[in-house]
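Read the structure below first, then the notes.
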Amino acid sequence: MDKDYKFIVLITGEDGRIIGKKLSDPFTHKPAYGIYPTSKWRNGEVIRDNMDILIHLGFSPGIFYVNLAVGGEKKDEELLPITSEDTATEGRFVRTAKVEVLPDY
């Protein structure tokens, strides 16, 4: 890649809506903890990136999805197009995980 990008993570419900006020702001971060910028990545290289998302007690049970986009470091920069034959994509986001939140007992 010729420049540095950031990851934008959104949590959505089964209907595609962004979930809750506390989770509605995207979790935006530089991949690889910011120590290995995308401008240094080589074509075909696989980079693993981890992120913790805290679900608060009392959160409504249901099925939720973790969605990922890649964009420039400036807020007004356009998101990169994402194409995949193996994973569901919606616009410029790719669905990376399905999470079930169980009732709080």
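What are the residues in the stretch 56-78 that are exposed (fewer than 15 other Cβ atoms within 10 Å of the Cβ), of a type in the set (A, V, I, L, M, F, W, C) and either in contact with a helix residue (DSSP H, G or I) (Cβ under 8 Å, 6 or more places away or on another chain) or farther than 13 Å from THR12 by Cβ (or both), if any?
Residues of the stretch 56-78 that are exposed (fewer than 15 other Cβ atoms within 10 Å of the Cβ), as a first pass: 56-58, 60-63, 72-78.
So of that shortlist, the ones also of a type in the set (A, V, I, L, M, F, W, C) come out as 57, 63.
Matches in the stretch 56-78: LEU57 only.
Determine the pairs where a residue that is touching a residue at least 40 places away in the same chain (Cβ under 8 Å), located within the stretch 35-50, has a partner that is not in a helix (DSSP H, G or I) with Cβ atoms under 7 Å apart, the partner being 6 or more residues away or on another chain.
Note: pairs meeting the criteria are TRP41/MET1; TRP41/ILE47; ASP49/PHE7.
GLU73: free of Cβ contacts under 8 Å to residues at least 40 places away in the same chain and not hydrophobic (A, V, I, L, M, F, W, C), yes or no? Before the answer, list the steps.
Details: free of Cβ contacts under 8 Å to residues at least 40 places away in the same chain: no; not hydrophobic (A, V, I, L, M, F, W, C): yes.
For GLU73, the condition - free of Cβ contacts under 8 Å to residues at least 40 places away in the same chain and not hydrophobic (A, V, I, L, M, F, W, C) - is not met.
Since LYS98 meets every condition but one in (1) within 23 Å of TYR5 (Cα to Cα); (2) not in a loop (DSSP other than H, G, I, E, B), which condition does it not meet?
(1)
Filter the stretch 19-50 for residues that are aliphatic (A, V, I, L, M), within 16 Å of the chain's Cα centre (by Cα) and modelled with pLDDT of 80 or more; which is surrounded by the most Cβ atoms within 10 Å (Cβ to Cβ)?
ALA32
Pick from the stretch 58-79 the residues that are closer than 17 Å to PHE27 by Cβ and either touching a Leu at 6+ places or on another chain (Cβ under 7 Å) or not in a strand (DSSP E or B) (or both): which of them is modelled with the lowest pLDDT?
Taking the candidates together, the pick is LYS75.
The values are calculated or read from the model by the stated rules, or taken from the named source; none is laboratory data. Note that the coordinates shown come from a computational prediction; the quantities given were computed from them, not determined experimentally. No Cβ is skipped: glycine too gets one built from the backbone with ideal geometry, and neighbour counts run over all protein chains shown.
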